[in-house]
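As structure tokens, the structure follows; a few thoughts come after it.
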Amino acid sequence: MTQGTTEGRIHGTTASEIADSIRVRIDTGALTAGDALPTVRALAEELGVNRNTVSSAYRSLARAGVVTSRGRAGTVVAGAVLTEEEGFARGTVLRDIGSGNPDPDLLPLPVLSELDLRTSALYGEDLIDAGLRSWATPWLAQAQLRPFELTVTSGAVDALERLLAASLAHGDAVAMEDPCFLSSINVVKLGGYRAVGIPLDDEGMTVDGLRAALDTGARAVVCTPRAHNPTGISLSARRAEELRRVLAAYPHVLIVEDDHYSLLSRRPYHSVVPDGHARWALVRSMSKFLGPDLRLALLASDPDTAVQLRARLSPGTTWVSRILQRVAVGMLDHPDTPAALERAASHYGARNDALRALLRERGITARGDDGLNVWVECGVDARAVSEAMMRRGWLVRTGGVFHLEPDESAPEIRLTTHTLDDDELRALSDDLRAAIDEARARTRR
């Protein structure tokens with residue numbers, strides 16, 4: 001039962017009035033994060049209203065992120081959403097091998113001094129620089145042999161956020177790989193959508209996992225076709241074909257392919273988009289090969305999705321800077337860039353191959369074979385491994401944060417080690433073997 005005066009308790013006869021009353025109690029501190037609201041039945045009886053009225057009030061609060069439904073456990077006041085982020089750890093004296101960053105020395109930045117960045121772009125003009133359109137269209141057409149329209153966004157995360165906002169309603173289910181890229185998890189959760197996990201095996205997103213997610217009502221699927229972050233797994237041609245057959249039965253589900261590693265990848269791109277599919281988008285970020293600070297991504301999509309995106313990138317308000325677009329095409333078109341990209345791709349691949357080989361020699365399992373990172377299966381609580389590595393001077397990224405439901409006891413870690421030389425890789429591998437053994441011995445006590 002609610003208590004106190006009329007002003008201090010939940011009141012109202014309509015869904016709007018009841019919701020407003022609850023928000024007042026939250027705003028004044030009468031209700032705080034984690035506090036349980038009355039059950040629908042109890043509040044409806046106290047207020048003398050239909051249960052559907054109270055349910056409607058609770059649903060509107062949930063859509064606004066004010067409360068969280070826990071099923072049979074009831075409805076509670078939501079707290080601040082805490083999210084994990086990519087990047088360097090601040091204020092540490094340890095050797096940070098968990099950042100997920102590209103090597104700044106391998107980005108083709110020297111060519112910037114030679115670029116002509118003059119532009120006369122004004123309000124109402126074309127959203128896409130003509131030079132970038134000329135470069136991007138044939139590149140994307142090689143990957144997607146179907147009609148598409150080009151969109152430019154402020155990075156891959158911006159692309160995903162806009163795609164979901166243009167296509168889904170609050171509370172809709174989004175099927176994603178589990179584990180998954182941190183920023184993608186944040187976009188889905190902070191956007192108020194419901195993340196549905198799809199397990200991975202050595203060939204990528206599993207068929208049974210995709211089918212189960214679609215059967216639960218997923219209205220969008222986010223897939224990484226190669227160099228999956230954090231695992232480094234890429235779709236095989238066979239698996240991509242199997243996934244296309246499943247998705248063909250769901251023609252109006254939005255399919256988003258996040259090909260973030262594109263120009264640096266050592267693996268072929270296999271699309272999961274079936275022929276004739278109504279809603280799809282291929283997103284290719286420039287962060288890994290031109291630099292994260294450029295904040296630019298290219299997006300190919302079906303025409304209807306492109307129209308919805310253009311409405312959210314309107315001239316004069318939220319379009320992507322034409323100067324940044326000019327920088328991107330200038331870097332991509334520069335004669336030194338292909339060699340620079342090849343050098344970067346070879347370096348990342350060789351460093352990670354060397355680490356995987358050293359780990360195998362020490363009986364440690366690492367998954368995947370592409371991308372910036374190495375995903376290590378420790379076989380024991382990664383928190384204990386991380387603590388043991390810290391005592392040895394290393395800062396690693398535990399794998400639990402990459403799961404859709406954070407799992408502090410997950411047995412994986414993600415390593416970003418392409419800046420280490422051969423001696424440092426050997427030292428890291430020895431220390432990791434010792435740390436795993438130490439963590440395992442602790443669990444046996």
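The values are calculated or read from the model by the stated rules, or taken from the named source; none is laboratory data. The structure presented is a predicted model; accordingly, all values stated were derived computationally and were not measured. So basically every Cβ, Gly included, is an ideal-geometry build from the backbone, and we count neighbours across all protein chains shown. Quick note on the areas: whole protein, heavy atoms, side chains included, nothing else; ligands and nucleic acids left out. Shrake-Rupley method; radii C 1.70, N 1.55, O 1.52, S 1.80 Å.
Starting with the highest mean, order 144-151, 233-240 by the number of other Cβ atoms within 10 Å, averaged over the residues of each peptide. Kindly include the intermediate steps, with their values, before the conclusion.
Values: 144-151: 16.2, 233-240: 19.5.
Going from most to least packed, we get 233-240, 144-151.
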- Using a 10 Å cut-off on Cβ atoms, rank the peptides 195-208, 336-349 from the highest mean neighbour count down. 195-208, 336-349
- Message: Taking 25 Å as R0, compute the FRET efficiency from the Cβ-Cβ separation of R362 and R383 and round it to 0.05.
- Response: 0.75
- Message: Using the basic label-point model (7 angstrom from Cα toward the beta carbon), what is the R433 to D208 distance in nanometres?
- Response: 3.5 nm
- Task: Return one number: the angle in degrees, 0 to 90 and rounded to the nearest 10, between the long axis of the Cα atoms of helix 382-391 and the longest principal axis of the Cα atoms of the chain.
- Result: 60 degrees
- Message: Connecting C-alpha atoms closer than 10 Å in a GNM of the chain, tell me which of R426, R414, R284 has the biggest fluctuation.
- Response: R426
- So if we plug the beta-carbon distance of R392 and R238 into 1/(1 + (r/R0)^6) with R0 = 51 Å, what FRET efficiency do we get, rounded to 0.05? 0.80
- What ranking, highest mean first, results for peptides 26-36, 218-228, 93-103 when packing means the other Cβ atoms within 10 Å averaged over each residue? 218-228, 93-103, 26-36
- Message: Using 0.36 nm times the number of residues separating D275 and A339, minus their current alpha carbon distance, what extension gain do you get?
- Response: 19.6 nm
- R356, R279, ranked by accessible area, largest first (probe 1.4 Å): R279, R356
- Note on the structure: Here the Cα Rg-to-2.2 N^0.38 Å ratio for the range 121-164 is 1.30
- Over the range 109-248, with a single point scatterer placed on each C-alpha, what log10 of the ratio I(q)/I(0) does the Debye formula yield at q = 0.20 1/Å? -1.29
- Message: With only alpha-carbon atoms in the gyration tensor, what are the semi-axes of the equivalent ellipsoid for the chain, in Å, largest first?
- Response: 40, 31, 21
- Task: Report, as a whole number in µm² per second, the diffusion coefficient that Stokes-Einstein gives for the range 221-379 at 37 °C and 0.692 mPa s using the Kirkwood radius over alpha carbon pairs.
- Result: 186 µm²/s
- Hey, what's the range 254-408 come to in accessible area per residue, 1.4 Å probe, Å²? 37 Å²
- Task: Over the alpha-carbon set of the range 292-414, work out the extent along each principal axis and list the three values in angstrom, largest first.
- Result: 53, 39, 28
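At a 1.4 Å probe, what is the % contribution of carbon and sulfur to the accessible area of the range 394-445?
On the way: 1060 of 2400 Å².
Roughly 44 percent of what the probe reaches on the range 394-445 is carbon or sulfur.
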